[in-house]
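Asks: The structure that follows is given in the form of structure tokens.
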Amino acid sequence: MDAPGQSKRPNQQNREAKRGQNQSSAPPPKKDAYARLLNQHSSSKFSLYLEQYAKDTPFQREGNGPSTLMLKTQSDRLNIPQRKRDTVPNDFSDSSDFSPSSMKSKGEESSLSLYMEKLNTRGGAQQDCERRQGVSDRQQQRGQRRDTATSQDGDIESGEELGSLKPTDSNKHQKQQQQQHQKKGKDYKEGDSFAGRPQSPNKVTSGQEQEKMTKSKKKNSPKHLENDKSSREGTSKFGVDAQVSRPKSPKDKKLQQPKASNANSPADKSRNKGGRGGKKQVFEIYMTTEEVSHGLKRGELLQGQLRINPKKYHEAFIPSPDDTRDIFLDGIVSRNRALNGDVVVVQLLPREQWKVVRSDTDGDGASESESQREKMVQKKKERTPRPDDQSSDQDDLIRPVHNTVTGEPMEGPSTPRSNGETLQKTAKVVYIVEKKHSRAVTGFLKFLPDKPFAMFSPVDHRVPRINIPLADCPEDFSYRSGDYSNILFISRITNWAEDSNFAEGRLAKTLGQAGEIEPETEGILTEYDIDCTEFSAEVLDCLPKNLPWTIPPEEMKKRKDLRKECIFTIDPATARDLDDALSCKQLPDGNFEMGVHIADVSYFVKEDNALDFIASQRATSVYMVQKVIPMLPRLLCEELCSLNPLVDRLTFSVIWKITPEGKILSEWFGRSVIRSCVKLSYDHAQSMIDAPDKMFSAEELPPVDPEHPIDEIHQAVLNLHSIAKSLRAQRFSGGALRLDQLKLSFTLDKETMMPQGCYIYHYRDSNKLVEEFMLLANIATAHHIHRKFPELALLRRHPPPKAKMVDELQELCDQLGINIDLSSAGALHKSLNMHLGDDEYTTARKEVLTHMCSRPMQMALYFCTGVLKEEQYFKHYALNVPLYTHFTSPIRRYADIIVHRLLASSLNCGPSLELSTKEVEKQASHCNDKKTLSKRVQELSSELFFGVFVRECGPLDSEAMVMGVLDQSFDVLVLQYGVQKRIYCKSIADLDSFHHRKVGKKSELTLVWTRENAEKPPVEQVISIFTLVEVQLKADGAPMKYSAVLKRPEGN
């Protein structure tokens, strides 16, 4: 790992460069830290000094703990017994803290502390590798299983997350100042260097580690650090170096600054000044609320939601207010203890610290450093890298702006430079507005000898390591820690001090064996703050008591009685919460009366009771592969509200008079009562559409109300299909866009719930039929409630894609020879449906292109119309409509319940509203957050089951199409299963070498395979977007982890 806030001085860099030339192999392991230092230092005078010191003074490996604090804990783990807690020293700092200075003079302390700091910096990259030594390879590999690029429906985060934004050389002024500040402990960034050679097995680390190793120019890191126990225990998983806590000499009073910190920042005034027992301040102290408020008003500070790159956790972003390139936060220190999803306030760094970015439009291209661009990356034949090797891929080449002494003005943040580069603003966090991250994480425990705490390593690398009191751990953990090496735990962060690289936390629960579906599922739900507890007695008291429940006669009189109409549901075969039903009957004049009937959940969920509160907090049902976490109690979800067949149910209806061509003649809203005549699945409806003349028998369908013949239902489905096709054609000719991406579905064993098979879900005409009328009802409802409540309506908007990313994508497509028009949603839709070849891979090419076009898209959001004043921002970009809302799924979405209340109030068929604009906006924001979390949980559940499927049924062979190329890896879409995987060149067996080239935005890798026959020339394989390759999916031996292995081209 690299250490933000620590860098090498020039003379040290020169020595390292010489060592890199002269050292042919790493030195043998040493037991003593000072002996290690001696081995690396070339000065004979200093060597003699250290040699004498090592003889005279035994090295103290462990720090002297500060004053102790009694910690009484009450664990809720199922398998960890309660017992008397021991006194635990209140020291949750870096586990490598030690204080040798108490045994030497101040003069000795000053010299040693400087040299130890240099050693610490030099070994930073290797330290991150060392800290993994106590965790099994299974855990290491498993730890990255959740690092995936985001969503599948266009509601994605910025494509810049897929970029590798990497700091390089410091500016000249900083270099000139280095020697002046060496004795003050001031550090500078290291020079950046691209290490292109594949790593040998004993050196392969994670992608983040290798990236930092390249930055420190360490092609041959000393192996002896890997074997040092004290170093293993004291290393940080983050970019913040595992600092050595030691007293400062008079010459070393000034503490190390965080890399993102300004020299005159407020935090500098409050830094620890050292002294005996003092610890370095790693993070800045947060600004006060008053300072933040004034700073935001003056425009000196910015607020936004933090996004941390899941593949490279030292990179983070917040949206730019001017909708240009996102603001970049470089390293852990600049994030200042904020976690992914938190709403933060940031301060922009000075312009000379902004980054120069050579960006690849879709985040998939890559640039190596200038000196390495055309360099062939040779691969040693005897090396066999681990399959989970995630080497540094420089998606964006970044370096600080060089403010030369000529005084020439620097470019603006969006001004292209002469070589196509642009500036990207950088910032640091100064305040956390809202901790949206749950602070709960799953991970593994590691025992630290002679420490009053254990080290908790989260699975999600974006979360810091956590010090857990031993009193929280299982009773036998201290002497049988190996028994827990593959046990998954949940920990909650309770504190993260300014002077510590590690957070403090408490162990919340033992989940079970890593890799098993239920423990992993529970961990996912906890991490993403999904409430899956049973509903309380107070909530259940809000439900009807007299069961079986029937509609009260007085309620029937208030509603339109539609029980005699031919109304039916069309849903997935396994659905139990049936929100919506459809009806369609032909009128004597040849037009149709078409109805959408939605479960009237607001009748049962009264405003401001306990049931309403829990529903508003959950905000959405969460759908996983094997189960659903409902928003409402099952009595409502599956019984009283669900539009089950052959029973009377309360509904909210929208009924149109519509022509066969889809022209709407009239519209009616109101509360109603229906009686569904049949529960059709999508398969049933599709079979009716596919066979319009067939006479279906009762045995081919679910139970049908005898009052409605099967032929009547069949004809209604056909009429709906015909009208839906017309409505759909009108929508897309009017400029709508749909970005369909592949969705994986599973067949499960009914007893074990283990995956038996998987397949790509096909979106068919029956799906489109239902979707079209749901969209129509949502659009109609949006206009109605906005007209009645212009300041209070809860609507859903979809902002247009980010202009900068669209421009870059357009440039890439032009260079790839793809004729695509990104000027509007409609233009893009037409482009995606143009002819992309005339072979069996046309669909695959469209999927890849769709994925590329999804990257610039922003997420759709709920909002209150009284808050967003300008109606031009109400628009839904993808649907290309001015107003849109969610009305059709109140059983599973709380936003729909609010919309139902607004609609009922506007029709005078419900209670008057007691909502304020502020309350609606607050709930809208909460619904946005919960929808995002729910979507991520659904994705993780699918990944979990597919990982189990590969483990149980693999290896799996499939064709794949390249969808993005970086400088040392490429992404593929596995066509048979619809999953996306990254293939690292250094992990490809039988590959002799590879090299990367880039022309404009187009990125290309050339793979050179080893000769199978000495008489034949080497085989070259060119990898670029749309290249077709053969891959094999195989389990890595770690829980839930699998790799896509590139197969050698056939016939070679």
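Asks: With θ taken as phi - 60° and the coefficients 6.51, -1.76 and 1.60, list the Karplus ³J(HN,Hα) couplings across region 919-936 in order, rounded to whole Hz; mark glycine and proline as x.
Replies: Going residue by residue, I get 5, 5, 5, 5, 5, 4, 4, 5, 4, 4, 4, 5, 5, 4, 5, 4, 5, 5 Hz, with x marking Gly and Pro.
Asks: For residue 881, what residues show an amide H to amide H distance below 5 Å, using hydrogens built from the backbone and excluding near sequence neighbours?
Replies: Amide H neighbours of residue 881: 876.
Asks: When the Karplus curve 6.51 cos²θ - 1.76 cosθ + 1.60 is applied with θ = phi - 60°, which whole-Hz ³J(HN,Hα) does each residue of region 508-521 get, with x for Gly and Pro?
Replies: In residue order, the calculated couplings are 9, 6, 9, 8, x, 5, 4, x, 8, 5, 5, x, 5, 5 Hz.
Asks: Provide the gained length on full extension for the span residue 929 to residue 807, in nm with one decimal, where the gain is 0.36 nm per separating residue minus the Cα-Cα distance.
Replies: Full extension of this stretch gives 41.0 nm more.
Asks: Please work out the FRET efficiency for the pair residue 573 and residue 699, using the Cβ-Cβ distance as r and a Förster radius of 22 Å; give the result to the nearest 0.05.
Replies: The pair residue 573/residue 699 has a calculated efficiency of 0.85.
Asks: Taking amide H atoms as placed 1.01 Å from N in the peptide plane, list the residues 5 or more away in sequence, or in a different chain, whose amide H sits under 5 Å from that of residue 821.
Replies: Result for residue 821 returns 831.
Asks: Charges at C-beta only: +1 for Lys and Arg, -1 for Asp and Glu. How large is the resulting dipole of region 777-896 about its Cα centre, in Debye rounded to 20? Before the final figure, lay out the partial values.
Replies: Details: 14 positive and 13 negative charges, 150 e Å.
Its charge dipole is roughly 720 debye.
Asks: How much length is gained on full extension from residue 646 to residue 718, taking 0.36 nm per residue of separation minus their Cα-Cα distance?
Replies: 23.7 nm
Asks: In nm, to one decimal, how far is the modelled label at residue 497 from the one at residue 518, with both set 7 Å along Cα→Cβ?
Replies: 4.0
Asks: Spelling out what I want: for every residue of region 567-574, take phi, set θ = phi - 60°, compute 6.51 cos²θ - 1.76 cosθ + 1.60 (Karplus), and round to whole Hz; glycine and proline get x.
Replies: Whole-Hz 3J(HN,Hα) from phi for region 567-574: 10, 8, 10, 10, 8, x, 4, 8.
Asks: Arranged from highest to lowest average of other beta-carbon atoms within 10 Å per residue, in what order do the peptides 343-349, 705-711, 445-451 appear? Provide the component values of the computation, followed by the final result.
Replies: Details: 343-349: 22.3, 705-711: 13.4, 445-451: 18.3.
So the order, starting with the most tightly packed, is 343-349, 445-451, 705-711.
Asks: Shifting gears a bit: Taking amide H atoms as placed 1.01 Å from N in the peptide plane, list the residues 5 or more away in sequence, or in a different chain, whose amide H sits under 5 Å from that of residue 281.
Replies: Long-range HN contacts for residue 281: 272.
Asks: So, one more: How long is the gain from residue 833 to residue 868 if the chain were fully straight, where each residue apart is worth 0.36 nm and the alpha carbon distance is subtracted?
Replies: 9.2 nm
Asks: Still on this structure, I have one more. Give me the distance in nm between label points sitting 7 Å out from Cα along the Cα-to-Cβ direction at residue 322 and residue 546, one decimal.
Replies: So the two model labels end up 6.7 nm from each other.
Asks: Separation of region 436-456 and region 624-697 by C-alpha centroid, Å?
Replies: 49
Asks: Moving on to the next point. From the cross-link list 627/768; 743/846; 312/1002; 627/931, which pairs have alpha carbons spaced over 19 Å apart?
Replies: 627/768; 312/1002
Asks: For a protection proxy built on the mean count of beta-carbon atoms within 10 angstrom, sort 950-961, 745-756 highest first, please.
Replies: Top of the packing list down: 950-961, 745-756.
Asks: Restrict the search to region 493-584; then list the GluC sites (Glu not before Pro) that DSSP places in a loop and that have at most 10 other Cβ atoms within 10 Å of their Cβ. The partial results should precede the final answer.
Replies: On the way: sites: 498, 504, 516, 520, 522, 527, 534, 538, 554, 555, 565; in loops: 498, 516, 534, 565.
Filter output for region 493-584: 534.
Asks: Taking R0 as 45 Å, what's the FRET efficiency between residue 606 and residue 771 from their Cβ-Cβ distance, rounded to 0.05?
Replies: Calculated value: 0.90.
Asks: Residues of region 559-591 with the amide nitrogen closer than 16 Å to a label point 7 Å from the Cα of residue 690, along Cα-to-Cβ, please.
Replies: Residues 573 qualify, since their backbone N sits under 16 Å from the label point.
Asks: As an exercise, identify the trypsin sites (Lys or Arg not before Pro) in region 677-726 lying in DSSP coil whose Cβ has no more than 12 other Cβ atoms within 10 Å. Please report the intermediate quantities before stating the final value.
Replies: Working: sites: 679, 694, 725; in loops: 694.
Here the trypsin sites (Lys or Arg not before Pro) that fit, given the DSSP loop and packing criteria, are 694.
A short reminder: the numbers here are calculations on the coordinates, not readings from a lab. Predicted, not measured: the structure shown is a model, and the values here were computed from it. Note: ideal-geometry Cβ built from the backbone for every residue, glycine included; neighbour counts use all protein chains shown.
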